[in-house]
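Worksheet for the structure shown next.
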Amino acid sequence: MVKDSLLASIPHKILEEAHRGGFDVHEERRSGTLLHIDRSTIYAGVNELFKGKVEVMDTKEALERYPWLEDYRWRLIDREKDEFTRKVAEDFSGGYFMRILPNVEVVFPLQSCLMITENNLEQRIHNIIIAEEGSRAYIISSCLQHFSVDEASHLGISEFYVKRGATLNFTMIHNWSEGTLVRPRSAALIEEGGTFVSNYICLRPVRDVQMYPVAYCVGDESKVSFNNILYGHGGSNLDIGSMAILDGLGSRAEMITRAIARGGSRIVVRGRIEGNTSDCRGHLECRGLIIDENSYLQSIPELVARRRGAEITHEAAVGKISEKEILYLMTRRLSREEAISTIIRGFMDVGILGLPKPLSDEVDRILNMVAGMSG
């Protein structure tokens, strides 16, 4: 599966599990790769084609190499925000530092994989991502727990800096398990003309996830987009939200969520857009399906305008699968369960993620693979 690569020295079972979570072991299809297992980064490398254009390394190594990076760490997230940020501030095992140099367009995505293989481990991570002026890049981050692990916790701090005229598309795929407690804390700063797209996909059962990333659109004509695809089952508890603060003239925000609750899961979708200029625009959209009587689905939109002329809208709908659709598919020789699965898969549309077609096809393949594992 892996040829002529340092990845070849990593145990096959680890790579196999990472691959199932969306990690591509073929480095020639990635501009840079980082693999962090439990408490340490075991591999970080840059594709030869992108040497001098992107940087990928463990956060601790980056802090030692670049003293100026301390000005970025804990700049967007208060280390005293809650018990989880305090724990990471006290002691963290590393994480990924990714930097796209000025005016570089990265045609292959960067990737990271954060994996837990040790039972009852509390993994503490701090990630820093910098998209320099005029750069353009895609990142796929896979987070997963090895099948042999019953219980674990993941505390992840991520700070994104999108400089003037840069575009950064970040896709995070959570592939945890029923025994995982997950507490990501993320924030992004978007400068003039910058665009930040944050995609979140959660398909596997997970004990408890609570996340509420914040984007600060401080530059004129800055843009942010938060997109979520959530499939709650197996008793999962998902409390997923996002906030956009529009301070720049002509700044824009969009939040789109597709959520499915079944199998006794509980999903709460939150969204808040604050418009602080007279010509900012924001839209929040949530569509949800509840499949059974034992699940719970709630949408909580918040719209705040502090200047006349700000335009912020929302639409939300929570419903059930149409019996007509199920019966129609059953006439095509599908069982009832197969019909429901087909409808669910169609509902989880990767088109909302804002990816170019080759990468959209790849994420769709990953989504199909993980969804197949979910049952």
| field | segment 307-321, subset exposed (fewer than 11 other Cβ atoms within 10 Å of the Cβ) and modelled with pLDDT under 90, residue farthest from L249 (Cα to Cα) | value | K320
| Residues that are buried (at least 22 other Cβ atoms within 10 Å of the Cβ) and not polar (S, T, N, Q), drawn from segment 168-183 | L168, F170, M172, I173, H174, W176, V182
| The one condition in (1) modelled with pLDDT under 75; (2) closer than 18 Å to A259 by Cα that I343 fails to fulfil | (1)
| query | When you go through E159, E178 one by one, which is the residue that is within 20 Å of G94 (Cβ to Cβ), outside the structural domain of V363 (by TED's automatic domain parsing) and among the acidic types (D, E)? | reply | E159
| query | With respect to A187, is the statement that it is hydrophobic (A, V, I, L, M, F, W, C) and under 26 Å from E254 (Cβ atoms) true? | reply | yes
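So which of I290, I300, I343 ends up being within 24 Å of the chain's Cα centre (by Cα) and under 30 Å from P109 (Cβ atoms)?
Criteria check complete, one pass: I343.
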| task | Enumerate the strands (runs of 3 or more DSSP E) found wholly within segment 131-198, keeping only those where 3 or more residues are touching a residue at least 24 places away in the same chain (Cβ under 8 Å) and over 12 Å from the mean Cα position of the chain (by Cα). | result | 136-145, 152-162, 180-190
| What about L303, is it out of contact with any Asp or Glu (no Cβ under 6 Å at 6 or more places or on another chain) and touching a residue at least 60 places away in the same chain (Cβ under 8 Å)? | no
| remark: Pairing a residue in segment 248-267 that is farther than 17 Å from E293 by Cβ with any residue that is small (G, A, S) and crowded, with 24+ Cβ neighbours inside 10 Å, where Cβ atoms lie under 6 Å and the two sit 6 or more apart in sequence or on different chains, gives G248/S222; S251/S222; A253/A244; A253/G282; M255/S242; M255/G271
| What residue, among those in segment 217-235 that are surrounded by 23 or more Cβ atoms within 10 Å (Cβ to Cβ) and over 22 Å from T180 (Cα atoms), is modelled with the lowest pLDDT? | N227
| query | What is the one condition in (1) among the aliphatic types (A, V, I, L, M); (2) farther than 21 Å from Y212 by Cα; (3) modelled with pLDDT of 95 or more; (4) buried (at least 17 other Cβ atoms within 10 Å of the Cβ) that L249 does not satisfy? | reply | (4)
| remark: The residue that is surrounded by the fewest Cβ atoms within 10 Å (Cβ to Cβ), considering only those in segment 268-281 that are out of contact with any Phe, Trp or Tyr (no Cβ under 7 Å at 6 or more places or on another chain) and not in a loop (DSSP other than H, G, I, E, B), is V268
| request: Go through segment 15-48 and give me each residue that's aliphatic (A, V, I, L, M) and touching a residue at least 40 places away in the same chain (Cβ under 8 Å). | output: A18, L34, L35, I37, A44
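The rows are residues; the columns are (1) closer than 15 Å to I130 by Cα; (2) touching a residue at least 12 places away in the same chain (Cβ under 8 Å).
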{"site": "E70", "(1), (2)": "yes, no"}
{"site": "K81", "(1), (2)": "no, yes"}
{"site": "T85", "(1), (2)": "no, yes"}
{"site": "G95", "(1), (2)": "yes, yes"}
{"site": "L101", "(1), (2)": "yes, yes"}
| request: Tell me which of these I229 doesn't satisfy, since it passes every other one: (1) free of Cβ contacts under 8 Å to residues at least 40 places away in the same chain; (2) closer than 26 Å to E337 by Cα; (3) within 14 Å of the chain's Cα centre (by Cα). | output: (1)
| From the list F84, F97, F108, F92, which residue is more than 30 Å from V149 (Cα to Cα) and among the aromatic types (F, W, Y)? | F108
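The values are calculated or read from the model by the stated rules, or taken from the named source; none is laboratory data. Remember, it's a predicted structure, so these values are computed and weren't measured experimentally. FYI the Cβ positions are ideal-geometry reconstructions off the backbone, even for glycines, and counts take in every protein chain you see.
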